[in-house]
1. Is it true that some residue in segment 154-161 is loosely packed, with under 14 Cβ neighbours inside 10 Å and assigned to a loop (DSSP other than H, G, I, E, B)?
2. Taking the stated definitions as given, is residue 221 of a type in the set (Val, Ile, Thr), part of a loop (DSSP other than H, G, I, E, B), at pLDDT 90 or above and touching a helix residue (DSSP H, G or I) at 6+ places or on another chain (Cβ under 9 Å)?
3. Are any residues in segment 70-99 in contact with a strand residue (DSSP E or B) (Cβ under 6 Å, 6 or more places away or on another chain) and farther than 23 Å from residue 190 by Cβ, and if so, which ones?
4. Is it the case that segment 199-213 has a residue that's in contact (Cβ under 8 Å) with a residue 40 or more places away in the chain, polar (S, T, N, Q) and part of a helix (DSSP H, G or I)?
5. Output the residues belonging to segment 74-107 that are crowded, with 17+ Cβ neighbours inside 10 Å and over 30 Å from residue 154 (Cβ atoms).
6. Does residue 22 fit the bill of being modelled with pLDDT under 95, surrounded by 14 or more Cβ atoms within 10 Å (Cβ to Cβ) and outside any strand (DSSP E or B)?
7. If residue 194 satisfies all but one of (1) touching a Phe, Trp or Tyr at 6+ places or on another chain (Cβ under 6 Å); (2) assigned by TED's automatic domain parsing to the domain that holds residue 113, what's the number of the condition it fails?
8. Among the residues of segment 81-97, is there at least one that is closer than 21 Å to residue 261 by Cα, in a loop (DSSP other than H, G, I, E, B) and hydroxyl-bearing (Ser, Thr, Tyr)?
Amino acid sequence: MPVTQAVLTLSCPNQPGIVARVSTYLFEQGCNIGEAHQYDDVETGRFFMRLVFNQVNETCLFPAIREGFAAIAATYGMDWTMRPAGEHRRVMLLVSKFDHCLADLLYRRRIGEIPMDITAIVSNHPRETYADHDFGDIPFHHLPVTKDSKLEQEAQIWRLVRETGTELIVLARYMQVLSDDLSAKLAGHCINIHHSFLPGFKGAKPYHQAHKRGVKLIGATAHYVTADLDEGPIIEQDVERISHHDSAEDLVRKGRDIERRVLARAIAWHLQDRVIPNGHKTVVFRD
């Protein structure tokens, strides 16, 4: 099927003429730019851009446009991607006992809010844990893990990633810490939802820690996974105001709602090529 609309993202050392060169090239290929975002990071000296363009000249095919752009990218030292807009990417969901994020993502996929092909659902708990969920034809893999079997279990996960051609791995409240080795292999392609507003209360029960401290805001953080636990580049965060009337259980309940929406937004933006790495941070070109 011919590509009529595509998304170009890029980052490179900033210098005069980048915008002119990119837009001129697309014009020469018979393309019309429909949406453009750019950002100049004065602290790092890097330039970031996201363009959505339409092919007006049908005689120039998308593969040729992408191939021709490679020479421009090399000239400016660009890290770049160019993809058909709306292309379904292949996503794997990792989950543990808490299933609220899993249920939310399955629903958003079903109604078309997040277009993606789910390659597998992987859990360290058996299928019976999710008896209330209809996975349809999505493969489910029960991969139990112990301290002694962690490396073997992660090898199985990595094998599934490669065999299924998975492009994005989502830790949808997957309550296992990935090893440095697997984190490195998944760098830039693995999103975690942390049930706290980072940096802040870390560990297994951040809402209970927050309750003991009498905080007035709770939140959640979606970030890319790195070897440094909960220190990866942040994609999205959100908060909700609470009061002394709220119990620890109230905080957990409200936290689930925050986690769902934060994770969904982070995944959607990643799949739409709206997130560009910027060292320990990210540039996010939102709608």
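The values are calculated or read from the model by the stated rules, or taken from the named source; none is laboratory data. All values derive from a computational prediction rather than experimental measurement. Quick reminder, even Gly has a Cβ in these numbers, built from the backbone with ideal geometry, and neighbours come from all protein chains shown.
1. For segment 154-161, residues loosely packed, with under 14 Cβ neighbours inside 10 Å and assigned to a loop (DSSP other than H, G, I, E, B): absent.
2. On the way: of a type in the set (Val, Ile, Thr): yes; part of a loop (DSSP other than H, G, I, E, B): no; at pLDDT 90 or above: yes; touching a helix residue (DSSP H, G or I) at 6+ places or on another chain (Cβ under 9 Å): yes.
Spelling it out, it is not the case that residue 221 is of a type in the set (Val, Ile, Thr), part of a loop (DSSP other than H, G, I, E, B), at pLDDT 90 or above and touching a helix residue (DSSP H, G or I) at 6+ places or on another chain (Cβ under 9 Å).
3. Residues satisfying the conditions are 73, 76, 77, 78, 84, 85.
4. There is no residue in segment 199-213 that is in contact (Cβ under 8 Å) with a residue 40 or more places away in the chain, polar (S, T, N, Q) and part of a helix (DSSP H, G or I).
5. Within segment 74-107, 76, 78, 80, 82 qualify.
6. Considered against the rule, which asks whether it is modelled with pLDDT under 95, surrounded by 14 or more Cβ atoms within 10 Å (Cβ to Cβ) and outside any strand (DSSP E or B), residue 22 comes out as no.
7. (1)
8. Scanning segment 81-97, I find at least one residue that is closer than 21 Å to residue 261 by Cα, in a loop (DSSP other than H, G, I, E, B) and hydroxyl-bearing (Ser, Thr, Tyr), so the answer is yes.
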